[in-house]
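The structure follows.
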Amino acid sequence: MDYLFSEFRIKGVELKNRIVMPALASFLTEEAGRITERTIEHYRRRAAGGPAMVMMEACAVSAEGIVSAKQTRIYDDQHIEGLAKIARVIESEGAIPAVQLHHGGRQISPRVIKRKPLAPSALPCPTIRAEVEPLTVEGIQRLVQLFGDAAQRAKQAGYKLIEIHGAHGYLINQFLSGFSNIRQDRYGGDVFGRTLFAKEIVEEIRKRVGEDFPISFKISAQEFVPNGLTVEESIKILKILVEAGIDIVQISAGCDATPEWICQPMFMEKACLVDSAQQTKAALNIPVMAVGRINDPAVANRIIKENKADLVCVARGLLADPEMPKKAREGRLEDIRVCIACNTCMQSIFRKGRVECLVNPSLGREAEMEIRPAGQPRKILVIGGGPAGMNAAWVAAKRGHDVHLFEKNNALGGQLIPGSIPEYKKEVRSLIRFQKRQMEKFGVKCYLNQEATLSTIKEMNPDVVIVATGAVPCPPPFEIPDNDIVVPLEAVLNGNVPVPKRTVIIGGGATGCELALHLARSGSSVTVVEMLPKIGSNLEAMTRKILIRKLNEHDVKIMTEAKLSSVENNGARVVDKDGVEWFLEADAVIVSIGFQPDSSLYEQIKSSGYEVYQIGDCVEPRNAKDAIYEAAVLGRTI
């Protein structure tokens, strides 16, 4: 890790290593973007974990530029105090405090700002689809001044570097790109015209903060849309901005039409944007920051070693484990809780309005979920070695309890095991490895291939029993033929049966879709039958978009609003929404219609008078995030 932990300098700012936490929306604020102790603690933990620089999430430079009621703001002097608290706590933990300046442009819902969003042209955001108000020249000049005002406040609040958000389909990116800017005046047209707004912002900020203060610019070097930015065009833009006064650039990708390139799901390769960073670095005479699925310190070290970038941005990786840099430097790679790129963080922001993490239940709850020693050590018996049982076990053991875990199978991991078999989901295995490592580290006594019964519990005589027996597949809603055409889902994933030549999957939820892609990649001709109007409705949006694209690329046939009628010796009969019956020839029919809780043992234990708790899917089948969170809370309170 010598390259990753070498020092670096940006103007007068000394960085102790090459790891940067970039601006990453948490929305751990109150209404009107008010910064609270929870916000401050979130940033303190990340700074304490060892990165060289921590960048405060995007701060709105004007009231009509906010994307959420909980977005942080910097458009009024009243915001300085809260921002200064974060800058101070980042610096007190040994990291350089930085801040990102932002305007959402057309990528804002009118419900948030109570007016039409501003944009360079009369082109609505392709996802929000709201009517926009094209900016006048006077309006553009006003925004240039507001960016300058915001920079002054950032410097006053104690930040040592300012980044201008010119990426991800937000306002500055909208001006830079021919995809969103069709103006005919001096702020549109060719590269020089489309860059003028950004150039004037850089010049204004430089004038406000002085020559010695470092300025960064974040750009989507590739947008993957018609008339969108390419690396070659982005380099031309950046050369203009370097001359205007930027000192470093962060190379990202994607826009409002291609969000999967903004927050890349697990289908995408690690460090998938590094090539564009390397190409940009070769063309410019300023440092370059790489970003995009850099969740592995070894990968980050190699990027620096091979001179592909000067700094690496670790975003979701520091949500998953704020101590990743510290652990990497100390050689404790096996103790790193790795980001698996499930995009639960993004899904939580869109659905709940604040960030959450599947692998790290403490995210955003750092203070209240501190692991503290138990007042009175107790003997705890955990039944079930899935994600819930493992998490409850190691947390309780870390607090000082005597923990014993029984697992009826020959391996720990529960549903994460079959869930991690498809190649594109292999990073889920890192979560199993992390949980196992913590159990070993804190002395959990593990009994594999042993199914716990009421007599087992009586023999062990624990003070507390935690039941985490998970869920079992729902039984098929049809009569099963005498032959082997109906194949259990896990048998296919585990390779216990040959890959069928033709497969019909009943159920197009997350599991059914992932299984379909896995089999199609293995050479099977696959048809998915789903009762609902669309498949993958329970998947995170960006993951779903890529998964459906890959299903189409592999010629997987999709039948929605269709219902299984019967299974026969050589296929399945289904009925579509119009009542038309279809016969689908198949060598295998796989049922993926969900799970039901396995709670029979819990009821027995409860009636026997033990102090017993139930967590995870044996309460109600949901997802790994909910199971791990329940376990984390119980492990900290028992």
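Once amide H atoms are built 1.01 Å from N in the peptide plane, which residues 5 or more positions from Leu405, or in another chain, come under 5 Å H to H?
Residues meeting the amide H criterion: Val382, Lys445, Cys446, Tyr447.
Then there is this: Run the reach check for Lys155 against lysines, Cα to Cα strictly under 30 Å, same-chain hits fewer than 8 apart removed. What comes back?
The reachable lysines, counting only those whose Cα sits under 30 Å from Lys155, are Lys11, Lys16, Lys70, Lys85, Lys199, Lys207, Lys218, Lys236, Lys239, Lys281, Lys326.
May I ask for the angle, rounded to the nearest 10°, between helix 387-398 and the longest principal axis of the chain, with both axes built from Cα atoms and the value confined to 0 to 90°?
Relative to the chain, helix 387-398 is tipped by roughly 80 degrees.
Further question: Which order do peptides 617-623, 60-66 fall in by mean Cβ count within 10 Å, highest first? All intermediate terms of the calculation are to be shown ahead of the outcome.
Numbers: 617-623: 19.4, 60-66: 22.1.
Those peptides, ordered most packed to least, come out 60-66, 617-623.
Residue by residue through the stretch 70-79, what is 3J(HN,Hα) from phi via Karplus (6.51 cos²θ - 1.76 cosθ + 1.60, θ = phi - 60°)? Round to whole Hz and write x for glycine and proline.
9, 5, 5, 10, 8, 9, 8, 4, 5, 7
Also, I was wondering about something else. Nearest 10 degrees, 0 to 90: what angle lies between the long axis of helix 137-156 and the longest principal axis of the chain (Cα atoms)?
80 degrees
Averaged over all directions, how much area does the convex hull of the C-alpha atoms of the stretch 150-267 cover when projected, in nm²?
Working: hull surface 31.1 nm².
Spelled out: convex hull of the Cα atoms, projected over all directions, averaged, 7.8 nm².
Counting only residues 5 or more places away or on other chains, whose amide H sits under 5 Å from the amide H of Tyr613 once H atoms are built in the peptide plane?
It is Val465, Ile466, Val467, by chain and number.
With a 1.4 Å probe and all protein chains kept in place, how do Tyr629, Tyr610 rank by accessible area, largest first?
I get Tyr629, Tyr610, largest accessible area first.
In addition: Computed over the Cα atoms of the chain, what is the convex hull's projected area averaged over all directions, in nm²? Walk me through the numbers before you get to the answer.
Details: hull surface 120.1 nm².
Convex hull of Cα atoms, orientation-averaged projection: 30.0 nm².
If one computes the Cα centroid of the stretch 375-426 and of the stretch 105-170, what distance in Å separates the two points?
Value for the Cα centre distance between the two parts: 47 Å.
Under 20 Å Cα-Cα from Lys305, which aspartates and glutamates qualify once same-chain neighbours fewer than 8 residues away are excluded?
Asp2, Glu7, Glu14, Glu269, Asp275, Asp296, Glu330
A further question on this structure: Suppose accessible area is computed on protein heavy atoms with a 1.4 Å probe; arrange Ile262, Ile383 from highest to lowest.
So, going from the largest accessible area down, we get Ile262, Ile383.
What list of ³J(HN,Hα) couplings, whole Hz, do you get for the stretch 190-204 from phi and the Karplus terms 6.51, -1.76, 1.60, once you set θ to phi - 60° and write x for glycine and proline?
7, 4, 5, x, 5, 8, 4, 4, 4, 4, 5, 5, 4, 4, 5
For the stretch 363-418, just the Cα set please: Rg and Dmax, both in angstrom.
12.9, 38
Of the beta bridges DSSP finds with both residues in the chain, what % are antiparallel, to the nearest 5?
20 percent
Going by average Cβ neighbours within 10 Å, how do the peptides 531-542, 196-207 rank, with the highest at the top?
Most protected by this proxy first, the peptides run 196-207, 531-542.
Shifting gears a bit: According to the Kirkwood expression over distinct Cα-Cα pairs, how big is the hydrodynamic radius of the stretch 435-524, in Å? Show your work: numbers first, answer last.
Values: mean 1/r = 0.0582 Å⁻¹.
Evaluated over the stretch 435-524, this radius sits at 17.2 Å.
Also, quick follow-up: Quick one: check the C-alpha center-to-center distance for the stretch 604-630 versus the stretch 504-554, whole angstrom.
The stretch 604-630 and the stretch 504-554 have Cα centres separated by 30 Å.
Here's another thing I want to ask about it. P(r) for the stretch 259-298: what percent of alpha-carbon pairs falls in each 10 Å bin, starting at zero?
29, 48, 22, 1
Another question, then. In whole angstrom, how long is each semi-axis of the equivalent ellipsoid of the stretch 548-634, when you take the square root of 5 times every eigenvalue of its Cα gyration tensor and sort them from largest down?
Taking √(5λ) for each eigenvalue gives 40, 18, 11 Å, largest first.
With all pairs of different alpha carbon atoms counted, what Kirkwood hydrodynamic radius in Å does the stretch 486-596 show?
When all Cα pairs of the stretch 486-596 are included, the Kirkwood radius is 13.8 Å.
Calculated from DSSP H runs of 4 or more alone, at -39500 (n - 2.57) each and per residue, what is the 222 nm mean residue ellipticity of the chain, nearest 500?
After summing the helix terms and dividing by the residues of the chain, the value is -10000 deg cm²/dmol.
Run the reach check for Lys550 against aspartates and glutamates, Cα to Cα strictly under 12 Å, same-chain hits fewer than 8 apart removed. What comes back?
Glu514
The values are calculated or read from the model by the stated rules, or taken from the named source; none is laboratory data. Computed from a prediction, not measured in an experiment: that's the story for all the values here. Cβ coordinates were reconstructed from backbone atoms using ideal geometry, including for glycine residues, and neighbour counts include every protein chain displayed. Quick note on the areas: whole protein, heavy atoms, side chains included, nothing else; ligands and nucleic acids left out. Shrake-Rupley method; radii C 1.70, N 1.55, O 1.52, S 1.80 Å.
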